1. For a 28 Å ceiling on Cα separation, which of these pairs sit above it: 71/107; 51/141; 67/143?
2. Among residues other than residue 134 whose Cβ falls under 9 Å from its Cβ, what is the net charge (Lys/Arg +1, Asp/Glu -1)?
3. Quick check: residue separation of residue 123 and residue 181 times 0.36 nm, minus the Cα distance between them. What number comes out in nm?
4. In nanometres, what is the gap between the two model label sites at residue 101 and residue 141, each 7 Å from Cα along Cα-to-Cβ?
5. Please report the projected area of the stretch 70-194's Cα convex hull averaged over all directions, in nm².
Amino acid sequence: MICITIAIGGYLVYKKFFAKKRINETESKTTNLNVNNETNNNIQEPIADSKTQGYETSKSIVTETEKMFYKRLVIYCSPKMYTVNMKTRLEDLVEYSKGMSFAEKQKYRGQIKSRHVDFLIVDSELKPVFAIELDDNSHLKQKAMETDKFKDELFQKIGIPLYRIPADESIWNIELDRIFEKIGNTQNWINECI
């Protein structure tokens, strides 16, 4: 009986000692975090010779038209548990053919570097289902038409359907109904929701 009492007493002293020690360590860490945050705030100030001095936060990564279309597209994709990714780099969608030399890879990379697709729709396994380019008047220029033709051919080569939709809000539902019918997900009911 005495052994049990001593063991319990020892345990309580042990627990109290280490609980107090943990509280002190936590307070010390919190104090260090506060000091580090204050230090980090000072680092945020512009540095005169910094290589990044010429940059500012972008107001938005999309145009107002793209934002409106995105919201519409999400409504269409949600019932199928599709996710809409915006401005996906073409480099993230392709792999280079096996056996290519470094120079050949660089040549092909140059054709897709700094290019993206407006909207990439992926399934619940994050596998691409299809892509959409929202075409405004800038796509009527010769250079843009050449780029569009290249993208069309690239997406055909990699086996991801690419649909082009005019940046005209009045026809978006019609175009999206057409696309979802093609991929076997008829959702005409969506017109009633919008």
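1. 71/107; 51/141
2. On the way: positive: 164; negative: 66, 118, 133, 135, 136.
The answer is -4.
3. 19.2 nm
4. That separation, rounded to one decimal, is 3.5 nm.
5. 8.5 nm²
Since every read-out is calculated from the coordinates, none of them should be taken as a lab result. The model shown is predicted, which means the values in this text are computed figures rather than measured ones. No Cβ is skipped: glycine too gets one built from the backbone with ideal geometry, and neighbour counts run over all protein chains shown.
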